[in-house]
Ligand code: PMP
């Protein structure tokens, strides 16, 4: 295989509950998983019902063009349906963008400590990653604009960012977009957008009217609770969308996922309940970190990055002690943050179980 494929370090996903139960001799029912920024309420009831109906038609291929889902998204985001690309999760969108716009040897700009899939998608097409040093654990947009080279084809921005939870206000992103050359595609990855407080929300989906090189990426995996179904989508102008749809697998979003996503999109109560739980859980976790004197990065997502020690073994060490107590969180050594752990915000009792286990781990 190509050298650039051999050079890829595999994505490190959160350990599944069953595996941890077996490895540490624990009862699955007692395990708390706060490792993959999933929705602690699980899948909405409305989506379950829609899936039960759609299941009757599983003998047929999915709608390759996602007519109903795109119609619903078009209405929600006030863009024509042919400005939308559906993805098998938004990871698929990130990868489709790399395939559609980057050739082997060309460069892609993204930030240090930004989402791991940007590097994977870049390497997957033999692209050259230009990793820009972070500022305060978040994106330094001025430095990123300066880092764009003649052969740069793509920029990835995560807002809020994973794993650090940092947020970039609208005005700063708009100023950045105004600086980026028109032939460089910018993917604005808003996987955690729905967790933002109303005062931090902005109409990024309407920016694509002004910026022909902008792709806004969203997902149903987080606030909508459909991580296991794999549904994401992109909004961009038709010329960009057309290219992404050429490279996209025709049936990349399955029938159950399409039906569940339409239902979830219309389930305002589910979203509101999740946002409220998240805001309260954030207070619960950060109050405990304050009490323990632990540094954390203020987060705008459904997770918090916390520093659990001053030596480079700290993250892995504390993680292991947590695992033995049946608490799964995410070590972030692969992000160059070996002293930190990323904790997804769960239900109040799940957060409490984690906090108790953390206190024991820090002894
Ligand atoms: N972008 C960011 C910033 C993420 O954190 C994630 C999930 N870890 C994704 C995209 C991809 O999520 P999904 O493929 O489930 O939509």
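For this structure, a couple of remarks:
- For the stretch 145-229, no strands (runs of 3 or more DSSP E) sit wholly inside it while including 1 or more residues that are assigned by TED's automatic domain parsing to the domain that holds residue 12 and within 13 Å of the ligand (Cβ to nearest atom).
- Residue list for the stretch 91-112, filter: within 14 Å of the ligand (Cβ to nearest atom) and either surrounded by fewer than 24 Cβ atoms within 10 Å (Cβ to Cβ) or part of a helix (DSSP H, G or I) (or both): 91, 92, 93, 94, 95, 96, 97, 98
- Among residues of the stretch 30-44, those that are out of contact with any helix residue (DSSP H, G or I) (no Cβ under 8 Å at 6 or more places or on another chain) and either outside any loop (DSSP other than H, G, I, E, B) or over 20 Å from residue 227 (Cβ atoms) (or both), counted: 1
- When the test is whether a residue is out of contact with any helix residue (DSSP H, G or I) (no Cβ under 6 Å at 6 or more places or on another chain) and in contact (Cβ under 8 Å) with a residue 60 or more places away in the chain, residue 182 does not pass it.
- Residues satisfying the stated conditions in the stretch 74-90, i.e. touching a strand residue (DSSP E or B) at 6+ places or on another chain (Cβ under 9 Å) and assigned to a helix (DSSP H, G or I): 74, 77, 83, 90
- Residue match in the stretch 314-333 (condition: in contact with a strand residue (DSSP E or B) (Cβ under 7 Å, 6 or more places away or on another chain), under 22 Å from residue 137 (Cβ atoms) and surrounded by fewer than 19 Cβ atoms within 10 Å (Cβ to Cβ)): yes
- The single condition among (1) within 18 Å of residue 69 (Cβ to Cβ); (2) surrounded by fewer than 22 Cβ atoms within 10 Å (Cβ to Cβ); (3) touching a strand residue (DSSP E or B) at 6+ places or on another chain (Cβ under 7 Å) that residue 255 does not satisfy is (3).
Residue by residue, here is whether (1) over 25 Å from residue 301 (Cα atoms); (2) free of Cβ contacts under 8 Å to residues at least 60 places away in the same chain; (3) surrounded by fewer than 23 Cβ atoms within 10 Å (Cβ to Cβ) holds:
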| position | (1), (2), (3) |
| --- | --- |
| 195 | no, no, no |
| 200 | no, no, yes |
| 215 | no, no, no |
| 226 | no, no, no |
| 259 | yes, no, no |
| 268 | no, yes, yes |
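The values are calculated or read from the model by the stated rules, or taken from the named source; none is laboratory data. A quick note: this is a predicted structure, and the numbers were derived from the prediction, not measured. Note: ideal-geometry Cβ built from the backbone for every residue, glycine included; neighbour counts use all protein chains shown.
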